[in-house]
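The values are calculated or read from the model by the stated rules, or taken from the named source; none is laboratory data. Values in this document were obtained by computation on a predicted structure and should not be read as measured data. With ideal geometry, Cβ positions are generated from the backbone for all residues, glycine too; neighbour counts draw on all protein chains shown.
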Amino acid sequence: MTVSVAPQNGFRGSVDVTLQGLPSGVNASLGSSFAVQAGGSQSVTFSVSGAAANGIFQITISGTSGAISHSTQILLTTEPIVNVLTYQNGSILYLESDSGTDTSR
């Protein structure tokens, strides 16, 4: 996701951004707090470990500069990791995952 600061009324400062509500096992590339300069943007990538809970989580993004603050929410969806194994036995290709096995000739 990209967090951008659109300056208004001559604002030229920096905005302190915080992320709240990240579930256990989910990390943001810039951490849970970072700064964005007026007119600038920061790209944030979420990484999910195999131990993270599955579900839909509401993440609050807050920006503060001095006495002015604003916040918004996004929804983050985490889904189970599907492990796929492949192996070949002669002319038969086997595909196995956590949810089943498929055979192809």
Index of the failed condition, ASP102 passing every other in (1) surrounded by 13 or more Cβ atoms within 10 Å (Cβ to Cβ); (2) among the acidic types (Asp, Glu); (3) at pLDDT below 95: (1)
Top-ranked residue of segment 1-25 - restricted to ones that are hydroxyl-bearing (Ser, Thr, Tyr) and in a strand (DSSP E or B), ranked as nearest to THR78 (Cα to Cα): THR2
Those residues of segment 71-86 which are under 30 Å from ARG12 (Cα atoms) and modelled with pLDDT under 95, in sequence order: none
Residues located in segment 5-24, provided they are of a type in the set (Gly, Ala, Ser) and within 18 Å of THR60 (Cβ to Cβ): GLY21, SER24
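Quick one: would you say LEU95 is surrounded by 11 or more Cβ atoms within 10 Å (Cβ to Cβ), over 24 Å from the mean Cα position of the chain (by Cα) and of a type in the set (A, V, I, L, M, F, W, C)?
Yes: the conditions hold for LEU95.
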Per-region count, segment 36-92, residues in contact (Cβ under 8 Å) with a residue 12 or more places away in the chain, at positive phi and out of contact with any strand residue (DSSP E or B) (no Cβ under 7 Å at 6 or more places or on another chain): 2
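Just checking, how many residues over segment 54-66 are under 16 Å from ALA38 (Cα atoms) and exposed (fewer than 12 other Cβ atoms within 10 Å of the Cβ)?
Of the residues in that region, 1 qualify.
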Scan of segment 20-53 for residues that are over 20 Å from SER4 (Cα atoms) and exposed (fewer than 13 other Cβ atoms within 10 Å of the Cβ), ordered by number: SER24, SER47, SER49, GLY50, ALA51, ALA53
Residue match in segment 36-59 (condition: within 29 Å of ASN83 (Cα to Cα), at pLDDT below 95 and among the β-branched types (Val, Ile, Thr)): yes
